[in-house]
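Comments concern the structure below.
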Amino acid sequence: MIAVQELTPDDWALWRALRIEATTTEPEAFGSTLAEVVETTEAQWRARLSKPSLHLVARRGGDAVGMAAVNHEFELSSVWVRPNARGSGTGHRLVEAALRSAASRTAPLVRLAVRETNATAIGLYRAHGFIEVGDDYLNPERVHRLILMAYGRTPQSDLDRSCDVEPGR
């Protein structure tokens, strides 16, 4: 079973470890480089994990197998699932939890950027109601990305209620 947990600033070392692993295994999927992630200080990690941003970790058993974040502008980011957990529904659980949180904060929409070549991620986002709205070069030296947006979400109404998020400690 996959459980989704909201992180607090005290969980900074877990988030950092996941970002290092994710950036190492999927370097083009993130807007930051591995060097930038490694150089980020504890204080910077703690600040990132502070409200109003939401940082989620998916766990299978006791192991962290995925992550996602939603910032104060309702941008979904840092969505990543360990290769050995892909196909298990982990990505769906993370996106559902992120959308539920955004809906509870009355987000008019949720947006994200994804590599145009990442068909699996694009399929995941489309399955949750995201639609393509245009191209965006977030970082011209890196990769071309598509911007996708979600419409029509209402608080708690259309999301699987089995995807409750465990509150942060």
* Asked: When the label point is put 7 Å from the Cα of residue 25 along its Cα-to-beta-carbon vector, which residues of region 58-73 have a backbone N closer than 14 Å?
  -> 58-60, 63-68
* Whole-Hz Karplus ³J(HN,Hα) for region 24-40, in order, using 6.51 cos²θ - 1.76 cosθ + 1.60 and θ = phi - 60°, x for Gly and Pro? -> 6, 7, 9, x, 7, 7, 10, x, 10, 8, 4, 4, 5, 5, 5, 7, 5
* Where in region 85-99 does the amide nitrogen come within less than 17 Å of the point 7 Å from the Cα of residue 17, taken along Cα to Cβ? -> 85
* **3J(HN,Hα) from dihedral phi, region 67-79, Karplus parametrisation 6.51/-1.76/1.60, rounded to Hz, x for glycine, proline** => 8, 6, 9, 10, 8, 5, 9, 6, 9, 7, 8, 6, 6
* To do: Evaluate E = 1/(1 + (r/R0)^6) for residue 34 and residue 106, where r is the Cβ-Cβ distance and R0 equals 41 Å; express this FRET efficiency to the nearest 0.05.
  => 0.70
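Readers should treat all values here as calculations from the given coordinates under stated rules, not as data from a laboratory. Everything quoted here is computed from the prediction, not taken from an experiment. Note that we place each Cβ from the backbone using ideal geometry, even for glycine, and neighbour counts take in every protein chain shown.
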